[in-house]
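Student: Dumping the structure here so I can ask a few things about it.
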Amino acid sequence: MHILSIVIYIIAGLFIVLVVGLLFAYQRERQPGTLLMAVIYGTSAGMAIALTSWVPLVAGFVLAWVIKLMGLEPPSRNGSQN
């Protein structure tokens, strides 16, 4: 197994942990942006594992930032947004 494959699996695993956290946050807050970000991260992690390629991880990260820049991220706990 190549070192790049191991790195891809580790980062995809971290994305899956992030998905679990985002789904718990969605269950509590019911913000549609949270669910959308969870779907993006989960899909990119699944594709990276299935294809053993780093491209889906980068694409998922960029898409999540686009969602954040569009203002669909959930507000912070104290109610202020950046």
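Student: With everything on Cα atoms, drop me the angle between helix 55-69 and the longest principal axis of the chain, reported from 0 to 90° to the nearest 10.
Tutor: Value to nearest ten degrees: 10.
Student: Also, quick follow-up: Could you work out how far helix 32-51 tilts from the main Cα principal axis of the chain, as a 0 to 90 degree angle to the nearest 10?
Tutor: Taking the Cα atoms of the chain, the angle to 32-51 is about 0 degrees.
Student: I'd like the orientation of helix 3-29 relative to the chain: the angle between its Cα long axis and the longest Cα principal axis, in ° from 0 to 90, rounded to 10.
Tutor: Computed tilt is about 20 degrees.
Student: Nearest 0.05, what FRET efficiency do Met70 and Thr43 give at R0 = 25 Å with Cβ-Cβ as r?
Tutor: The computed FRET efficiency comes out at 0.90.
Student: Follow-up. Which of rounded, prolate or oblate describes the chain when judged by the alpha-carbon gyration tensor and an a/c cut-off of 1.5?
Tutor: Prolate.
Student: Of Gly46, Gly71, Gly60, which has the largest mean-square fluctuation in a 10 Å C-alpha GNM of the chain?
Tutor: In the Gaussian network model the winner is Gly71.
Student: Okay, next question. How much length would be gained if the chain were fully extended between Ala25 and Val7, taking 0.36 nm per residue of separation minus their Cα-Cα distance, in nm to one decimal?
Tutor: Using 0.36 nm per residue and subtracting the Cα-Cα distance, I get 3.8 nm.
Student: Neighbour counts of other C-beta atoms within 10 Å: give me Met37, Met1 arranged from fewest to most.
Tutor: Met1, Met37
Coordinate-derived values only; no laboratory data. If you're wondering where the values come from, they're calculated on a predicted model, not measured in any experiment. Quick reminder, even Gly has a Cβ in these numbers, built from the backbone with ideal geometry, and neighbours come from all protein chains shown.
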